[in-house]
Amino acid sequence: METLRVALAGRSYPIHIGAGVLDASDLYRPHLGSGRVAVISNPVVAPLYLERVKEALRRAGAPAPVEVLVEDGEQAKSWGALERVFDALLGARLGRDSTIVALGGGVVGDLGGFAAALYQRGIAFLQVPTTLLAQVDSAVGGKTAVNHPRGKNMIGAFHQPAAVLADIGALTTLPERELRAGIAEVIKHGLALDAALVDWLEANLDALLAREAGALTHTVRRSCELKAQVVAEDERESGRRALLNLGHTFGHAIEAGAGYGTWLHGEAVAAGMVMAAELSVRAGLLAASDAARVRRLVGRAGLPVTGPAMAAERYLELMALDKKAARGRVRYILLERIGSALVRADLDERLVRDAIAAASPPAAAAAAR
């Protein structure tokens, strides 16, 4: 097992990475309050790991937990699902000394964390991520939210977990499509922050896709190192943390426009990164050869390099609602080179349309222009 820390003064917390960490009762024990525990999961993950987590909690001294299952997929990030979680917590009379354990992927982590942020004005929660996307990104950093029909993650709060238990062993049961979606967020970390990680991915992508333990461990550890450093510097995304949204402005528009759940989050981010790279070239920031390199890596990972057949007007409409928008202008995360991102809000709409067209199916590309 390896342990990193997210340094946030009195709210610092550990990230434990390794095979079997979700069974380690000593990793739960320091973070459990004096009250009860609620485990939030879904019908896909629960049959695989819920009993193991319950046994670890029992050995940690916790009473039998309240079990709350929400539907699988992005549709669970809704106000209705949040209400069902609250109904379960209130029905079991959980108090402010209780703890939520979010067992699942990014959706369960976001929903469970947001429930913890709101319930009785805030209770503790633990992240036990079971997907690569959650382990490398969404479980770390305290962003919690549900979706709104007009935009992804538009209703949420910053609420840091007490700890993150990233069990590499859980990735062996991950569907192939989910694994590839998680790799999109790893690529994002490298493109935005660490050129050496991009080099490593280009050399080791086959091992990662084959789920070799060493490749998985390195991927999760390096991504968490990068994310932890940025969160420690800019917890509430007032500055540098915005760079971790590379591909997300376009990606969130794809998810909302196609209908939540049609595209996995990582798939939408992958296509969004290609669009961001194309926009970077058109803005005079990135060499065309580097944009081609982005497209090749995304494609090698089995991820989409084009968005859906969606009109440019629809992209622009949805991106206008992006949380990073300021003073009525969309702020785009662009690349000046591999491993270095920046924020721009002064781009001509024609450049954005051209970038969308460059990463769209042929019919949609013609319409975008």
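Within the stretch 144-160, the set of residues being assigned to a strand (DSSP E or B) and either under 23 Å from Ile100 (Cα atoms) or in contact (Cβ under 8 Å) with a residue 24 or more places away in the chain (or both) comprises Thr144, Ala145, Val146, Asn147, Gly151, Lys152, Asn153, Met154, Ile155, Gly156, Ala157, Phe158. Only one entry of Ala256, Ala268, Ala213 meets the criterion of being small (Gly, Ala, Ser), under 20 Å from Pro175 (Cβ atoms) and touching a residue at least 40 places away in the same chain (Cβ under 8 Å), and that entry is Ala213. Just name the residue that is surrounded by the fewest Cβ atoms within 10 Å (Cβ to Cβ) out of those in the stretch 195-224 that are among the β-branched types (Val, Ile, Thr) and touching a strand residue (DSSP E or B) at 6+ places or on another chain (Cβ under 8 Å). Applying the filter and picking the extreme gives Thr217.
Identify all residues within the stretch 134-143 that are within 16 Å of Arg11 (Cα to Cα) and not in a loop (DSSP other than H, G, I, E, B); write none if there are none.
If the condition is that a residue be within 16 Å of Arg11 (Cα to Cα) and not in a loop (DSSP other than H, G, I, E, B), then Lys143 is the only one that fits.
Answer yes or no as to whether Leu279 is within 18 Å of the chain's Cα centre (by Cα), modelled with pLDDT of 95 or more, among the hydrophobic types (A, V, I, L, M, F, W, C) and assigned to a helix (DSSP H, G or I). Criteria not met by Leu279.
Taken over the stretch 202-234, the criterion of being over 20 Å from the mean Cα position of the chain (by Cα) and assigned to a loop (DSSP other than H, G, I, E, B) is satisfied by Ala210, Glu212. Residues in the stretch 59-81 that are part of a helix (DSSP H, G or I) and either free of Cβ contacts under 8 Å to residues at least 24 places away in the same chain or within 30 Å of Gly151 (Cβ to Cβ) (or both): Glu74, Gln75, Ala76, Trp79, Gly80, Ala81. Considered as a group, the residues in the stretch 236-250 that are in a loop (DSSP other than H, G, I, E, B) and either at pLDDT 95 or above or polar (S, T, N, Q) (or both) include one that is surrounded by the fewest Cβ atoms within 10 Å (Cβ to Cβ), and that residue is Ser238.
Quick grid of which residues meet (1) farther than 16 Å from Val164 by Cβ; (2) β-branched (Val, Ile, Thr); (3) touching a residue at least 60 places away in the same chain (Cβ under 8 Å):
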{"site": "Glu2", "(1), (2), (3)": "no, no, yes"}
{"site": "Leu8", "(1), (2), (3)": "no, no, yes"}
{"site": "Pro14", "(1), (2), (3)": "no, no, yes"}
{"site": "Ile17", "(1), (2), (3)": "no, yes, yes"}
{"site": "Val21", "(1), (2), (3)": "no, yes, yes"}
{"site": "Asp26", "(1), (2), (3)": "no, no, no"}
{"site": "Gly33", "(1), (2), (3)": "yes, no, yes"}
{"site": "Asn42", "(1), (2), (3)": "yes, no, yes"}
{"site": "Pro47", "(1), (2), (3)": "yes, no, no"}
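Please verify whether the stretch 89-97 includes one or more residues that are at positive phi and not in a helix (DSSP H, G or I). Within the stretch 89-97 (the criterion being at positive phi and not in a helix (DSSP H, G or I)), the answer is yes, since at least one residue qualifies. Of all residues in the stretch 229-257, those satisfying the criterion of being aliphatic (A, V, I, L, M) and farther than 16 Å from Glu278 by Cβ are Val230, Val231, Ala232, Ala242, Leu243, Leu244, Ala256. Taken together, the residues in the stretch 227-273 that are aliphatic (A, V, I, L, M) and touching an Asp or Glu at 6+ places or on another chain (Cβ under 6 Å) amount to 1.
Matching residues to (1) over 30 Å from Pro175 (Cα atoms); (2) surrounded by 16 or more Cβ atoms within 10 Å (Cβ to Cβ); (3) touching a strand residue (DSSP E or B) at 6+ places or on another chain (Cβ under 8 Å):
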{"site": "Asn42", "(1), (2), (3)": "no, yes, yes"}
{"site": "Arg58", "(1), (2), (3)": "no, no, no"}
{"site": "Val70", "(1), (2), (3)": "no, yes, yes"}
{"site": "Ala76", "(1), (2), (3)": "no, yes, no"}
{"site": "Glu83", "(1), (2), (3)": "no, no, no"}
{"site": "Ala88", "(1), (2), (3)": "no, yes, yes"}
{"site": "Gly95", "(1), (2), (3)": "yes, no, no"}
{"site": "Val101", "(1), (2), (3)": "no, yes, yes"}
{"site": "Gly104", "(1), (2), (3)": "no, yes, yes"}
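Quick grid of which residues meet (1) more than 15 Å from Lys188 (Cβ to Cβ); (2) not acidic (Asp, Glu):
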position	(1), (2)
Ala203	yes, yes
Asp206	yes, no
Ala232	yes, yes
Leu246	no, yes
Ala287	yes, yes
Ala301	no, yes
Val305	no, yes
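The values are calculated or read from the model by the stated rules, or taken from the named source; none is laboratory data. Source: prediction; values computed, not measured. Please note: Cβ atoms are built from the backbone with ideal geometry, for glycine as well, and neighbour counts cover all protein chains shown.
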